[in-house]
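The values are calculated or read from the model by the stated rules, or taken from the named source; none is laboratory data. This structure is a prediction, so every number in the text was calculated from the model and none was measured. Virtual Cβ from ideal backbone geometry, glycine too; neighbours counted across all protein chains shown.
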Amino acid sequence: MSNNIALHYDIDGKDFTMAGEASSSIKKVLGQLGISPDIIRRVAISVYEAEMNCVIHAGGGFADVVINPEKICITVSDNGPGIPDVELAMKEGYSTAPNSIRQLGFGAGMGLPNIKNYTDEIKIKTNVGKGTSVEMVIYIAGKQPNI
């Protein structure tokens, strides 16, 4: 019954001008599939926040997205420093971003809290010194997408 659409994006950790490319591309695909604007907005915000975390903290990573008629599953992974205290990192305003990043207007400590607020499910797998993987699920309600 369901066809899955799988998307993969590499996240360049050296170029802030490219940050957000995956979320923009996913937003476009979801719109073409007829996904509701509210779901698209939630996905775009969540992916953008995860992308920015990869750029700011890990020097890049990748995003894998699977879209089916019931849900959108997104995994954003990196090989960065990991998160020593996930509970603390989930608190609004907590940030380990350096001042150079904050001066650019990023690193306000809202990334993981925003992801939690805009997704239906979030699972963070992290290993200090080896990297982090953020798995997000957003359920599609109402009109089924054109997959």
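Considering Ser46, Ser25, which residue is hydroxyl-bearing (Ser, Thr, Tyr) and in contact with a Leu (Cβ under 9 Å, 6 or more places away or on another chain)? Walk me through how you get there before you give the answer.
Details: Ser46 fails: in contact with a Leu (Cβ under 9 Å, 6 or more places away or on another chain).
Of Ser46, Ser25, the one residue that is hydroxyl-bearing (Ser, Thr, Tyr) and in contact with a Leu (Cβ under 9 Å, 6 or more places away or on another chain) is Ser25.
Among the helices (runs of 4 or more DSSP H) contained in the stretch 69-120, which hold 3 or more residues that are within 23 Å of Asp12 (Cα to Cα)?
Details: elements: 86-89, 99-102, 111-118.
Filter on the stretch 69-120 gives 99-102, 111-118.
Do we have any residue at all in the stretch 41-58 that's surrounded by fewer than 18 Cβ atoms within 10 Å (Cβ to Cβ) and either of a type in the set (Gly, Ala, Ser) or in contact with a Gly (Cβ under 9 Å, 6 or more places away or on another chain) (or both)?
No, there is no match, as no residue in the stretch 41-58 is surrounded by fewer than 18 Cβ atoms within 10 Å (Cβ to Cβ) and either of a type in the set (Gly, Ala, Ser) or in contact with a Gly (Cβ under 9 Å, 6 or more places away or on another chain) (or both).
Could you check, for the stretch 77-92, whether at least one of its residues is under 22 Å from Asn117 (Cα atoms) and in contact (Cβ under 8 Å) with a residue 60 or more places away in the chain?
Narrowing the stretch 77-92 to residues under 22 Å from Asn117 (Cα atoms): 77-78, 82-92.
Narrowing further to those that are in contact (Cβ under 8 Å) with a residue 60 or more places away in the chain: 78.
Taking every residue of the stretch 77-92 in turn, at least one turns out to be under 22 Å from Asn117 (Cα atoms) and in contact (Cβ under 8 Å) with a residue 60 or more places away in the chain.
Any chance the stretch 128-145 includes a residue that's of a type outside the set (A, V, I, L, M, F, W, C), assigned to a loop (DSSP other than H, G, I, E, B) and in contact with a Lys or Arg (Cβ under 9 Å, 6 or more places away or on another chain)? Before the answer, list the steps.
Residues of the stretch 128-145 that are of a type outside the set (A, V, I, L, M, F, W, C), as a first pass: 129-133, 135, 139, 142-145.
In the following step, the residues that additionally are assigned to a loop (DSSP other than H, G, I, E, B) were identified as 129-130, 142-145.
Restricting the remaining residues to those that are in contact with a Lys or Arg (Cβ under 9 Å, 6 or more places away or on another chain) gives none.
Within the stretch 128-145, not a single residue is of a type outside the set (A, V, I, L, M, F, W, C), assigned to a loop (DSSP other than H, G, I, E, B) and in contact with a Lys or Arg (Cβ under 9 Å, 6 or more places away or on another chain).
Take the residues of the stretch 98-147 that are within 13 Å of Met52 (Cα to Cα), more than 18 Å from the chain's Cα centre (by Cα) and not small (Gly, Ala, Ser): which is modelled with the lowest pLDDT?
Leu104
Can you name every residue in the stretch 13-30 that is touching a Cys at 6+ places or on another chain (Cβ under 9 Å) and either in contact (Cβ under 8 Å) with a residue 40 or more places away in the chain or part of a strand (DSSP E or B) (or both)?
Of all residues in the stretch 13-30, those touching a Cys at 6+ places or on another chain (Cβ under 9 Å) come to 13, 19.
Across the stretch 13-30, the qualifying residue is only Gly13.
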